[in-house]
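Asks: Just passing along the structure, written as structure tokens.
The values are calculated or read from the model by the stated rules, or taken from the named source; none is laboratory data. Just so you know, these numbers come straight off a predicted model, no measurement behind them. Here the Cβ positions follow ideal geometry from the backbone for every residue, glycine too, while neighbour counts run over all protein chains shown.
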Amino acid sequence: MISNSLHPLYDVFLSFRGEDTRDTFTAHLSYALTRRGILTYLDEDELRRGDEISPALLQAIEGSRIFIIVLSKNYASSTWCLDELLKILDQYKKSKQQMVLPVFYHVDPSNVRHQRESFEEALAKHAKKLNLDMKLQLWKAALQEVANLSGYHLRNGNESKFIEGIVQDISRFIVNHSYLPVAKYPVGLDSRVRDIMNLHLSVGTNDVQMVGILGLGGIGKTTLAKAIYNSIAFRFEASCFLSIDSDTSNQVNHLVKLQEKLLLKISGDCRSLKIDSIDMGIITIKRMLRSKRVLLILDGVDHLTQLEILAGACDWFGRGSRIIITTRDQHLLTTHGVDSTYMMTG
């Protein structure tokens, strides 16, 4: 888990070889991220003392949401960078909430993956100097792993535009995966989250599942749904927590507004989108979301129609999607064919 996951220390952690990019690409990227309001960790320690990564740096790794690894030509010549990469990937695999984005800065991803050219030369020098075969194999595996992740490749061209593209993607991701406030004193919340995660959600499988959270009013359904959202939203391409206020006046207009709100939240760039009917809303939701792995939480559902126009069927969403519905109405969940239900008790 991320340390204090509701309040991460940093949005972005930058990992790089200082001699290659500290005063050029990495400095420009850090400035662009910070200017956009993205809290960025940039290690300013020029002179390393000892080989151990400091507790402060470990804390920054544990408390960051996104890792950007700037893989430059001489990245592998630094044992410090290679050890930092090991720590980042270990944290990434443990937390399952963080993201790693490699930036191939004037290097071919295949050379990183297979340790060719400058990466092969650097590792060969380490092998001669250190005589640490086990560590060498870990470094090679880490380079292969990071090279297999989706990221960014700068060959030539406008570096400013390249950086702006990264910043836009990071900004959009952070907006779409913002942490939701939960109860100030969430007694027993962690165990409930674990129960529903283990028994009902099975996040990571490719099927699409609808899961109900059922209980009386005021029992904590919304709080539980928010905690689940905070725990797993990072694992989806798009996510949305949609609060549904009961409104019997002008029902059709209200439902269309809900559809517009869902599309705006989950896509992030459709402010000009105007839905003029419920049918058009359904068509647009299916078109925009059927290829995305989506986390959708519909909180406070009290009419079957709300489910029918927002999440009519599993095939509206891409493989691996999860739709969570909080409600007081068992019949509503049964009628809609919800896969499984978590019953909340006092």
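Asks: It is to be established whether one or more residues within segment 316-323 are β-branched (Val, Ile, Thr) and in contact with a strand residue (DSSP E or B) (Cβ under 7 Å, 6 or more places away or on another chain).
Replies: Initially, segment 316-323 is screened for residues β-branched (Val, Ile, Thr), giving 323.
Next cut, in contact with a strand residue (DSSP E or B) (Cβ under 7 Å, 6 or more places away or on another chain) only: 323.
For segment 316-323, residues β-branched (Val, Ile, Thr) and in contact with a strand residue (DSSP E or B) (Cβ under 7 Å, 6 or more places away or on another chain): present.
Asks: Limited to segment 96-143, what total is found for residues that are among the polar types (S, T, N, Q) and within 30 Å of PHE173 (Cα to Cα)?
Replies: Initial filter on segment 96-143 (among the polar types (S, T, N, Q)): 97-98, 110-111, 115, 118, 131, 137.
Checking which are within 30 Å of PHE173 (Cα to Cα) leaves us with 97-98, 110-111.
Here the count works out to 4.
Asks: Kindly list, by first and then second residue, each pair from a residue in segment 107-127 that is touching a residue at least 24 places away in the same chain (Cβ under 8 Å) to a residue that is of a type outside the set (Gly, Ala, Ser) and part of a loop (DSSP other than H, G, I, E, B), limited to pairs with Cβ atoms under 6 Å and residues at least 6 apart or on different chains.
Replies: Going by the 6 Å Cβ cut-off, the qualifying pairs are VAL107/LYS73; SER118/LYS73; LEU123/GLN115.
Asks: Restricting attention to segment 26-42, does a residue exist that is out of contact with any Ser or Thr (no Cβ under 6 Å at 6 or more places or on another chain), crowded, with 16+ Cβ neighbours inside 10 Å and at pLDDT below 90?
Replies: yes
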